[in-house]
Amino acid sequence: MDKTITEKAVLYVIGAGPGDPDLITLKAYRTLKESRVILYDNLANQELLDLVPEECEKIYVGKHPYGQYTPQERIHELILEKAAEKGTVVRLKGGDPFIFGRGFEEILFAREHGIETYYIPGITSMQAAGFADIPLTHRTISEGIWVLTGTKKDGRLSSDLKLAMQSNATVVIYMGMKKLEEIAAVYIVEGMGETPAAIIQHATLLKQKSGTGKVKDLPAIAEKNGLTHPSIIIIGEVVGLT
């Protein structure tokens with residue numbers, strides 16, 4: 001990382017939304033139209049790359065779930081290299097960059113190296129539950145939302161799940177498809193195995209598919225409906241409203 005920032009450098013960290021390219025913000029659209037170099041993730045719809053100028057350099061730095069990925073350190077290096085080379089860097093991340101997206105890590109890194117930063121939010125995938133007729137809150141049914149990661153840095157399921165279960169809040173779990181049996185077991189042990197649950201894959205896209213049932217049957221729901229990753233898991237009475 002010996003690149004020197006010789007001009008005013010800027011990093012835009014943009015949320016690409018849950019999948020449908022039409023769901024990005026107008027500010028994100030305008031920024032993409034003027035980008036010089038773009039670092040994009042696996043979960044960012046590549047149709048968005050059609051918006052960038054022809055001369056814009058496009059660099060894939062994504063991660064396939066549980067597969068090959070670009071190390072975060074390499075992404076940091078590219079931010080620094082391209083900021084020094086072209087002045088403005090666009091970082092396009094699926095969903096919202098500040099919700100399980102490590103976007104703020106990249107913001108902090110850029111600031112440490114004298115790069116001006118801007119954050120442009122995106123619609124996070126849990127908000128796309130509405131495309132499967134599941135509201136995240138509903139009067140008299142759910143008064144809030146608990147949003148958890150299914151797999152922490154050390155590989156374990158978040159212990160916050162047991163806290164979330166104590167309320168009537170809707171529970172949304174990201175990156176939990178490898179933890180379906182464990183999630184179901186936690187609910188069963190607590191006597192809450194009959195709680196409605198849903199799994200939604202590729203929300204907002206034409207290939208969207210989902211399955212619903214009881215939380216105790218999460219593994220069976222996934223198998224029956226051919227659901228894998230990337231998916232979100234929604235647990236709560238809101239799932240059974242339709």
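The values are calculated or read from the model by the stated rules, or taken from the named source; none is laboratory data. This is a predicted model, so every value here is computed, not measured. Note: ideal-geometry Cβ built from the backbone for every residue, glycine included; neighbour counts use all protein chains shown. All accessible areas refer to the heavy atoms of the entire protein, side chains included, with ligands and DNA or RNA removed. Shrake-Rupley method; radii C 1.70, N 1.55, O 1.52, S 1.80 Å.
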Please determine whether any residue of the stretch 146-160 is outside the structural domain of ASN42 (by the TED database) and under 16 Å from ILE134 (Cβ atoms). yes
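Here is a list: LEU48, LEU11, LEU80, LEU92. Which entry is closer than 29 Å to LYS152 by Cβ and either part of a loop (DSSP other than H, G, I, E, B) or out of contact with any Lys or Arg (no Cβ under 8 Å at 6 or more places or on another chain) (or both)?
Working: LEU48 fails: closer than 29 Å to LYS152 by Cβ; LEU11 fails: either part of a loop (DSSP other than H, G, I, E, B) or out of contact with any Lys or Arg (no Cβ under 8 Å at 6 or more places or on another chain) (or both); LEU80 fails: either part of a loop (DSSP other than H, G, I, E, B) or out of contact with any Lys or Arg (no Cβ under 8 Å at 6 or more places or on another chain) (or both).
Within the list LEU48, LEU11, LEU80, LEU92, the selection yields LEU92.
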Checking ASP217 against (1) at positive phi; (2) part of a helix (DSSP H, G or I), which single condition isn't satisfied? (1)
Within the stretch 159-203, can you find the residues that are out of contact with any helix residue (DSSP H, G or I) (no Cβ under 9 Å at 6 or more places or on another chain), open to solvent by less than 60 Å² (accessible area, probe 1.4 Å) and without any contact (Cβ under 8 Å) to a residue 24 or more places away in the chain? ALA164
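Every residue in the stretch 101-113 that is surrounded by fewer than 17 Cβ atoms within 10 Å (Cβ to Cβ) and either touching a helix residue (DSSP H, G or I) at 6+ places or on another chain (Cβ under 9 Å) or modelled with pLDDT under 95 (or both), please. Step through it out loud before you land on a result.
First, pick out the residues of the stretch 101-113 that are surrounded by fewer than 17 Cβ atoms within 10 Å (Cβ to Cβ): 102, 104-105, 108, 111-112.
Scanning the stretch 101-113 gives ARG102, GLU105.
Okay, residues lined up against (1) in a loop (DSSP other than H, G, I, E, B); (2) under 25 Å from LEU26 (Cα atoms); (3) of a type outside the set (Val, Ile, Thr); (4) modelled with pLDDT of 95 or more:
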residue: PHE98; (1), (2), (3), (4): yes, yes, yes, yes
residue: THR117; (1), (2), (3), (4): no, yes, no, yes
residue: GLY122; (1), (2), (3), (4): yes, yes, yes, yes
residue: ALA128; (1), (2), (3), (4): no, yes, yes, no
residue: TRP146; (1), (2), (3), (4): no, no, yes, yes
So the check is Cβ under 6 Å with 6+ separation or different chains; which pairs have a first residue in the stretch 210-227 that's among the basic types (Lys, Arg) and a second one that's buried (at least 20 other Cβ atoms within 10 Å of the Cβ)? LYS216/ALA184
